[in-house]
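J.: Got a structure here, written out as structure tokens. Questions coming.
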């Protein structure tokens, strides 16, 4: 799953550390999300969307795998 987390965070002038503290996760978790190494739990996805006052779909892009 792709996401626009880094783009949105930088547009708003928020550091990874600040976002991590607000979401009660580690900075490494934010880095992993931004690099696509980790997909968030549904709860974390909702927290991120709420933090940025956006919908989950505006931040996370789901692409179906083709068989």
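Throughout, read-outs are computed from the coordinates displayed, never taken from laboratory work. Computed from a prediction, not measured in an experiment: that's the story for all the values here. Please note: Cβ atoms are built from the backbone with ideal geometry, for glycine as well, and neighbour counts cover all protein chains shown.
J.: Nearest 500 deg cm²/dmol is fine: what mean residue ellipticity at 222 nm does the chain get from its DSSP H runs of n ≥ 4 alone, each adding -39,500 (n - 2.57), divided by its residue count?
T.: Details: 5 runs with 38 residues, N = 67.
Taken over the chain, the calculation gives -15000 deg cm²/dmol.
J.: Kindly express, to the nearest 10 degrees and within the range 0 to 90, the angle between helix 42-52's C-alpha long axis and the longest C-alpha principal axis of the chain.
T.: That helix lies at roughly 50 degrees to the long axis.
J.: Using 7 Å Cα-to-Cβ label points, what is the residue 2/residue 32 separation (nm, one decimal)?
T.: Once both label points are built, they end up 2.3 nm from each other.
J.: Most mobile of 14, 56, 48 per a Gaussian network model of the chain (Cα springs, under 10 Å)?
T.: Sorting by GNM fluctuation, first place goes to 14.
J.: Computed over the Cα atoms of the chain, what is the convex hull's projected area averaged over all directions, in nm²?
T.: That works out to 4.4 nm².
J.: To the nearest Å, what is the center-to-center distance of the range 36-60 and the range 1-29, using C-alpha atoms only?
T.: The range 36-60 and the range 1-29 have Cα centres spaced 10 Å from each other.
J.: Measuring from label point to label point, each 7 Å out along Cα→Cβ, what is the residue 55 to residue 10 span in nm?
T.: Result: 2.6 nm between the two label points.
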